[in-house]
Amino acid sequence: MQTPFSSTLAPAKSKGSTRSRFLKWLRRIHGWIGLWGAIAGLLFGVTGILQNHRAVMRLPMQPPKRSTVQLDVPEVARVSPQALGAYLRQSLDLSHAPERLSKDRAQPVTWGDKTVQQPERWEIRFAAPNYMVSAEYWRGAAQVSVTRIQHNLFGIIQNLHRSNGVAVPWILLADSFAGAMVMLSITGVILWSELNKRRLVGFSIFAASTIAIIASAAASF
C-alpha cells in the first residue's frame with residue numbers, strides 16, 4: 001500500500017537521480033575534454049609566458065635577419081596591386097598568398113618651395129610563421145623594393161601563438177583548443193555548483209563583478 005508520504009517523495013527522488021546521472025555524465029565529458037585542454041594550456045601557456053616576459057628573460061637567440069632587394073617589374077605586373085602580388089609570389093616562390101594589399105592615391109606634396117605630384121603607392125605583404133615579406137612600389141616605376149624578415153625561433157613561436165600567417169589546419173587546431181578551454185570552464189562551473197541555485201547565483205555575481213572590473217581597467221588605458 002502506497003502512503004501519501006511515499007508518493008510525495010517519489011518525484012523528488014526521481015529528480016535527484018536524474019541530476020546525479022547528469023553530473024556523472026558531465027564529469028566524464030569534463031575529464032575527456034581536460035586531456036585536450038591540458039595540451040592547449042601547456043602549449044599556449046608556455047608561449048604566453050615567453051611573450052609576456054621576453055624582455056626580462058633575454059633568451060639567447062639570433063636576431064631576425066632582414067634583407068632588402070630591388071626587383072625589376074614587368075609590364076603585366078604594373079597593372080594593379082593584385083597583379084604585382086601574384087608576380088612576386090611566383091617569382092620569389094612564396095608559399096602564402098598576399099596577406100595585405102593596400103594602395104595610397106596619388107597626391108600633391110610639398111618639396112621645398114615647390115609642389116610635386118607624388119605617384120600612387122602600393123604596399124603588399126606576405127606573412128608566414130617563419131618569415132614576413134613586404135613590397136613597396138610606386139606606380140610607373142620599373143622596380144619594386146622588397147624587404148624580407150626571417151624570424152628567429154621566438155618570432156616563430158609568437159606567430160604560431162597569435163596564428164599570424166598560418167594555414168587553415170593550424171587555425172582549426174587553435175580553435176579546437178579555444179573551444180576546449182571554454183567547455184572546461186562551463187562544465188567545471190556546473191560540476192562545482194552541482195546545480196545548486198545558491199552556488200550558481202553566487203558564481204554569476206562573482207563573474208559579473210570580475211568582468212566589470214576588467215572592463216573598467218581596460219577602459220582606463
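Estimated from helices alone, the mean residue ellipticity of the chain at 222 nm is -19000 deg cm²/dmol (sum of -39500 (n - 2.57) over DSSP H runs with n ≥ 4, per residue).
Assuming a strict under-29 Å limit between Cα atoms, what lysine pair count do you get for the chain once near-sequence pairs (fewer than 8 apart, same chain) are dropped?
Step by step, the pairs that qualify in the chain add up to 7.
For percent of Cα pairs over 20 Å apart, computed directly from the structure shown, the correct entry in (i) 71; (ii) 76; (iii) 58 is (ii).
First select every other residue whose beta carbon is under 9 angstrom from the beta carbon of ILE149; then total the charges, Lys and Arg +1, Asp and Glu -1. Taking every Cβ under 9 Å from that of ILE149, the sum is +3. In order along region 132-146, the Karplus-derived 3J(HN,Hα) couplings, from 6.51 cos²θ - 1.76 cosθ + 1.60 at θ = phi - 60°, round to 9, 10, 10, 10, 10, 9, 9, 4, x, 6, 8, 10, 10, 8, 10 Hz, and Gly and Pro are given as x.
According to the Kirkwood relation over distinct C-alpha pairs, the hydrodynamic radius of region 65-151 is 13.7 Å. A full extension of the chain between SER209 and ARG105 corresponds to an added length of 32.6 nm, given 0.36 nm per residue minus the alpha carbon distance.
Loop only by DSSP, 14 or fewer other Cβ within 10 Å of the Cβ. Give me the GluC sites (Glu not before Pro) in region 106-184 that pass, ordered by residue number. Mind dumping the intermediate values first?
Values: sites: GLU120, GLU123, GLU136; in loops: GLU120.
In loop regions of region 106-184 (DSSP not H, G, I, E or B), the sparsely surrounded GluC sites (Glu not before Pro) are GLU120.
Under the combined filter of DSSP loop state and at most 14 neighbouring Cβ atoms within 10 Å, region 177-221 retains none of its trypsin sites (Lys or Arg not before Pro).
In summary, the helical segments of the chain meeting the span-like criteria, namely a full DSSP H run, a Cα extent along the axis of 18 angstrom or more and a mean Kyte-Doolittle hydropathy of at least 0.5, are 168-193, 197-219. Positive end of the dipole of the chain (Cβ unit charges, origin at the Cα centre): among THR47, GLY112, GLN143, the Cα lying farthest that way belongs to THR47. Given R0 = 35 Å, the distance between the Cβ atoms of SER20 and MET181 translates into a calculated FRET efficiency of 0.85.
Here, each number is a calculation from the coordinates, and none is a lab measurement. Treat the numbers as computed from the prediction; the structure is a model and nothing was measured. Methodologically, a virtual Cβ is constructed for each residue, glycine included, from the backbone with ideal geometry; neighbour enumeration extends over all protein chains shown.
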